[in-house]
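What follows is one structure encoded as C-alpha cells, with my remarks underneath.
Read the figures in this text as sums done on the coordinates, not as results from a lab. Every value quoted in this text rests on a predicted model; they were computed, and no experiment measured them. Methodologically, a virtual Cβ is constructed for each residue, glycine included, from the backbone with ideal geometry; neighbour enumeration extends over all protein chains shown.
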Amino acid sequence: MPTFGVILAAAGQSSRFNDANYKKPFAPLAGRPVWIHSAEKFIDRPDVKQVVVVVAPEDRAAFVEKFGANLAFMGITLAEGGAHRAESVRRGLEKLDPAIDTVAIHDAARPCIAQAWIDRVFEVGGRTGAAILAIPVAGTLKRVGPGNVITETVDRTGLWEAQTPQVFSRDLLMRAFAAAPADRPTDEAQAVEALGHAVAVVPGSPINMKITSREDLKLAEQALKALPTPRLGGPAHPFAGDDVWR
C-alpha cells in the first residue's frame with residue numbers, strides 16, 4: 001500500500017484576494033482559518049503519514065506565533081516557500097520523511113474537499129503514479145484581446161479545469177521537478193506531463209473550489225455545508241476554533 005505525504009501550498013502572494021489583513025489561506029472561514037479546514041481533511045487519514053504546510057518566508061514568523069500550537073497538536077511540519085510555486089513544492093518535498101513514496105499536493109486555499117474525492121484520487125494516483133482531480137469546463141470560453149474585445153470562441157471539447165489534490169509517485173515528481181525550469185510549472189501535473197508520463201484525470205466537484213477573492217469566502221462557507229458526510233470521524237481539534245491570523 002502506498003504511503004502518502006501531503007504538501008499544503010500556502011506560500012502564494014494572494015494578489016487577487018485584495019485584503020489588507022489576510023492572505024487567503026489565513027482568512028477566517030466559518031470561524032477557522034482557511035488552511036486549517038484544508039489540513040484537517042488529511043491529518044486523520046491512516047494512509048497519510050505526514051502533512052507539510054509551506055508558507056512564504058515573510059509569513060513564517062507570524063504564522064508560527066499565531067499557529068504554532070495548531071502545528072504541534074496536528075503534527076504538521078512547516079516549510080518555507082520560494083519565489084514560485086514549483087520552488088515552494090520542492091521545499092515541501094525536502095521536508096517529507098524519506099520513507100514516504102507517494103506525494104499529494106493540495107492548495108491550502110481549497111478547503112471544501114471531501115474524503116470521497118481524496119479517496120478516489122489517492123487510489124488512482126497510488127496505482128498509476130500520477131493523477132489529479134479535475135472537472136470538465138462547462139461554460140462558453142472566450143479569448144479576449146486588447147480593449148476587452150473577444151477575439152475567439154474557444155472550443156471547450158476535452159477541456160478540464162485542474163484541481164487539487166494532485167498525486168504522484170515521489171520519485172516521478174522529483175524527476176519532473178529536476179527537469180523543469182525553476183519558475184515552472186504552474187502546477188505539478190504540467191511538470192510530469194513534460195516528462196512524457198501519463199497523468200490520469202479523476203472527476204472532482206465544483207464544490208472543491210479554490211478561494212481567490214474575498215467573495216469566494218461566502219461561497220466556500222456554503223460549500224462546506226454541502227460536503228458529503230465525512231468518511232473519517234474523530235473529535236474536533238481543540239486548537240482549530242476561532243483563532244485566525246490577522
**Prompt:** What order do you get for T153, T77, T164 when you list them from fewest to most C-beta neighbours inside 10 Å?
**Reply:** T153, T77, T164
**Request:** Check the straight Cα-Cα distances from K95 and name the lysines below 27 Å, setting aside those fewer than 8 residues away within the same chain.
**Result:** K23, K24, K41, K49, K66, K210
**Item:** Peptides ranked, highest mean first, by Cβ atoms within 10 Å: ranges 211-220, 78-87, 49-58
**Value:** 49-58, 78-87, 211-220
**Prompt:** Between L78 and R184, what FRET efficiency follows from the Cβ-Cβ distance if R0 is 30 Å, with the result rounded to 0.05?
**Reply:** 0.75
**Set of the range 191-211 residues, backbone N closer than 16 Å to the point 7 Å along the Cα-Cβ line of A226** = 204-211
**Prompt:** What order do you get for H197, H37 when you list them from fewest to most C-beta neighbours inside 10 Å?
**Reply:** H197, H37
**Request:** Give the Rg/Rh ratio for the chain, taking Rg as the radius of gyration of the Cα atoms and Rh as the Kirkwood radius, to two decimals.
**Result:** 0.95
**Fill in**
Rounded to two decimals, the Rg over Rh value of the range 161-223 from Cα coordinates and the Kirkwood Rh reads 1.08
**Request:** Just order 155-163, 130-138 by mean Cβ neighbour count inside 10 Å, highest at the front, would you?
**Result:** 130-138, 155-163
**Message:** Run the helix sum for the chain: -39,500 (n - 2.57) per DSSP H stretch of 4+ residues, divided by residue count, reported at 222 nm to the nearest 500 deg cm²/dmol.
**Reply:** -10000 deg cm²/dmol
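Taking the highest mean first, how do the peptides 111-118, 97-104 order by number of other beta carbon atoms within 10 angstrom per residue?
By packing density, highest mean first, the sequence is 111-118, 97-104.
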**Fill in**
Computed about the Cα centre, the charge dipole of the range 4-226 from +1 Lys/Arg and -1 Asp/Glu charges at the Cβ has a magnitude in debye, to the nearest 20, of 300
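Test of understanding: ordering S88, S38, S205 by Cβ neighbours within 10 Å, fewest first, what list do you get?
Least to most surrounded, the residues fall as S205, S88, S38.
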**Request:** State, to one decimal in nm, how far the label point of E94 lies from the label point of A62, with both points 7 Å from Cα in the Cβ direction.
**Result:** 2.4
